[in-house]
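Each remark here refers to the structure printed beneath this line.
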Amino acid sequence: MTAQEVQALADAAAGLVLYHNGLWGAPTCYMWAGPDGTAAGRVPPWECEALDRLGWRKLIVTAPGSGPEDGLVQPTEAGLATLHAQQARAA
């Protein structure tokens, strides 16, 4: 796992990342979650790419938002296990 993927997985585990589904004509993208749970700015491209790779590897999933709301990006059980293993290696 790359350092960027570990960081992206940690951000998802901390509840910092939302997935905007592209409704209302806006582009599909990852957004930072603000303190109130709404979008607070775009995630940088390098982390978006890392999040996409994590999704393909089934280490994260997006909890659907209600209606047009953004969905929270969350680690799967495998994602949490991978994150904990990476953090243990780094310690």
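The values are calculated or read from the model by the stated rules, or taken from the named source; none is laboratory data. Keep in mind it's a predicted model, so treat the numbers as computed, not measured. Because the Cβ atoms are built from the backbone with ideal geometry, glycine has one as well, and the counts that use them run over all protein chains shown. In case anyone asks, the SASA skips ligands and DNA or RNA and just uses the protein heavy atoms, side chains included. Shrake-Rupley method; radii C 1.70, N 1.55, O 1.52, S 1.80 Å.
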**OP:** Starting with the highest mean, order 46-56, 10-20 by the number of other Cβ atoms within 10 Å, averaged over the residues of each peptide.
**Re:** 10-20, 46-56
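How big is the dipole moment of the chain about its Cα centre under a simple scheme where the beta carbon of each Lys and Arg is +1, that of each Asp and Glu is -1, and everything else is neutral? Debye, nearest 20, please.
Values: 5 positive and 9 negative charges, 51 e Å.
Computed charge dipole of the chain: roughly 240 debye.
In terms of the ratio Rg/(2.2 N^0.38 Å) built on C-alpha atoms, what value belongs to the range 3-90?
Details: Rg = 12.6 Å, N = 88, 2.2 N^0.38 = 12.1 Å.
Relative to the 2.2 N^0.38 Å estimate, the range 3-90 comes out at 1.05.
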Subject >> Residue among Thr2, Val61, Thr76 farthest towards the positive dipole end of the chain, charges placed on Cβ >> reply: Thr2
Original post:
How would Arg42, Arg89 rank on accessible area, largest to smallest, probe 1.4 Å?
Top reply: Arg89, Arg42
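Once fully extended, how much extra length lies between Trp46 and Ala88, figured as 0.36 nm per residue of separation less the alpha-carbon to alpha-carbon distance?
Full extension of this stretch gives 12.7 nm more.
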Original post:
How much length, in nm to one decimal, is gained on full extension between Ala81 and Arg57, taken as 0.36 nm per residue of separation minus their Cα-Cα distance?
Top reply: 7.3 nm
Original post:
Between Thr28 and Gln4, what length in nm is gained on full extension when 0.36 nm per residue of separation is reduced by their alpha carbon distance?
Top reply: 6.6 nm
